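*Asks:* Would you mind keeping the following structure in view while I ask a few things?
The values are calculated or read from the model by the stated rules, or taken from the named source; none is laboratory data. Bear in mind that the values here come from a model prediction, so they are computed numbers and not experimental data. Cβ coordinates were reconstructed from backbone atoms using ideal geometry, including for glycine residues, and neighbour counts include every protein chain displayed. Each accessible area value is taken on the protein alone, full model and side chains, heavy atoms only, with ligands, DNA and RNA left out. Shrake-Rupley method; radii C 1.70, N 1.55, O 1.52, S 1.80 Å.
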Amino acid sequence: MILQENLARIKNGLPTGCRLIAVSKTHPASAIAEAYALGHRIFGENKVQELVPKYEQLPKDIEWHLIGHLQTNKVKYIAPFVHLIHSVDSFKLLEEINKQGKKNNRTISCLLQVYIAAEDTKFGLSDSELFALLDNPALPALENISIKGLMGMASLTASTEQIRKEFAHLKNLFDTLLNKTLPPQFSLQELSMGMSSDYPIAIEQGSTYIRVGSAIFGNRNYTTA
Ligand SMILES: *Cc1c(COP(=O)(O)O)cnc(C)c1O
């Protein structure tokens, strides 16, 4: 069984403190159920409209991660159950997550997504936007969020040196935040970085969550993200 071999190979290479998020986007609930039957419990999806029906169909002890861009008007659909939102890229989005957390009587865990790639991508905070967000005077009042760390995506390049540099930069930002005095809703412990093509480098640079899709489930049937 390919899925079983893939999961075992990747999990066996994980150092203590680093966990595997199986990215199941575009794959049917049956593929997730197969990984679940093998004991895997941590899954990631990049779209709310794909995550919600899968959540409804599958066992409730699955830990669901939202890893793709999140629009404020969709937060309400995942607020009751999401384990960790990796893609917070604005203060406005944090405010909405806080509001929906309050409505659902829970604290929602989030990561701040930082733009670390050399290429043009649309999403993520620049370093200066990250520091501006941390200094936002309205932040300490958001009591239904817990900011657990940072997320980033490296450039799509064959240059392992470039990828290593980008992950090292994210780790460096994380360490800088650890030395800052931050509001009480910060509980920094997670660094989400590494995908199928670059997760060994991410692990070497201190990742605590790798997000791996195609190296587990095979290629997706479409080319656009
Ligand atoms: C799709 C996706 C992944 C996994 O990509 P693979 O190359 O299939 O491992 C990881 N992170 C994000 C944000 C994604 O959208």
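*Asks:* How about region 209-225: which of its residues are modelled with pLDDT under 95 and of a type in the set (S, T, N, Q)?
*Replies:* Correct list: ASN219, ASN221, THR223, THR224.
*Asks:* Just one of (1) surrounded by fewer than 22 Cβ atoms within 10 Å (Cβ to Cβ); (2) part of a helix (DSSP H, G or I) trips up ILE97, so point out which.
*Replies:* (1)
*Asks:* For region 116-143, how many residues meet the condition of being crowded, with 18+ Cβ neighbours inside 10 Å and closer than 19 Å to GLN162 by Cα?
*Replies:* Result for region 116-143: 2.
*Asks:* Pairs only if they're at least six apart or on different chains, beta carbon under 7 angstrom, first in region 191-214 and among the aromatic types (Phe, Trp, Tyr), second surrounded by fewer than 19 Cβ atoms within 10 Å (Cβ to Cβ); list them, first residue then second.
*Replies:* Pairs found: TYR209/ARG19.
*Asks:* Go through region 185-195 and give me each residue that's among the polar types (S, T, N, Q) and surrounded by fewer than 18 Cβ atoms within 10 Å (Cβ to Cβ).
*Replies:* The answer is SER187, GLN189.
*Asks:* Output the residues belonging to region 144-184 that are open to solvent by 20 Å² or more (accessible area, probe 1.4 Å) and in contact (Cβ under 8 Å) with a residue 40 or more places away in the chain.
*Replies:* The answer is ASN144, LYS148, MET153, LEU156, THR160, GLN162, ARG164, HIS169, LYS180, LEU182, PRO183, PRO184.
*Asks:* Look through SER87, SER109 and report the one residue that is away from the ligand (no atom under 16 Å from the Cβ) and at pLDDT 95 or above.
*Replies:* After ruling out the rest, the residue left standing is SER109.
*Asks:* Does region 1-12 hold any residues that are modelled with pLDDT of 95 or more and out of contact with any helix residue (DSSP H, G or I) (no Cβ under 7 Å at 6 or more places or on another chain), and which are they?
*Replies:* GLN4, GLU5, ALA8, ARG9, LYS11, ASN12 - these are the residues of region 1-12 that are modelled with pLDDT of 95 or more and out of contact with any helix residue (DSSP H, G or I) (no Cβ under 7 Å at 6 or more places or on another chain).
*Asks:* Which strands (runs of 3 or more DSSP E) sit wholly inside region 1-83 and have at least 3 residues that are touching a residue at least 12 places away in the same chain (Cβ under 8 Å) and surrounded by fewer than 17 Cβ atoms within 10 Å (Cβ to Cβ)?
*Replies:* Per the criteria, no element qualifies.
*Asks:* So TYR199 passes all but one of these: (1) surrounded by 20 or more Cβ atoms within 10 Å (Cβ to Cβ); (2) under 20 Å from LEU94 (Cα atoms). Which condition number does it fail?
*Replies:* Tallying (1) surrounded by 20 or more Cβ atoms within 10 Å (Cβ to Cβ); (2) under 20 Å from LEU94 (Cα atoms), TYR199 fails exactly one: (2).
*Asks:* Could you give every pair whose Cβ atoms fall below 9 Å, whose first residue belongs to region 101-122 and is under 18 Å from LEU188 (Cα atoms), and whose second residue is charged (D, E, K, R) and open to solvent by 70 Å² or more (accessible area, probe 1.4 Å), counting only separations of at least 6 or pairs across chains?
*Replies:* THR107/GLU143; VAL114/GLU129
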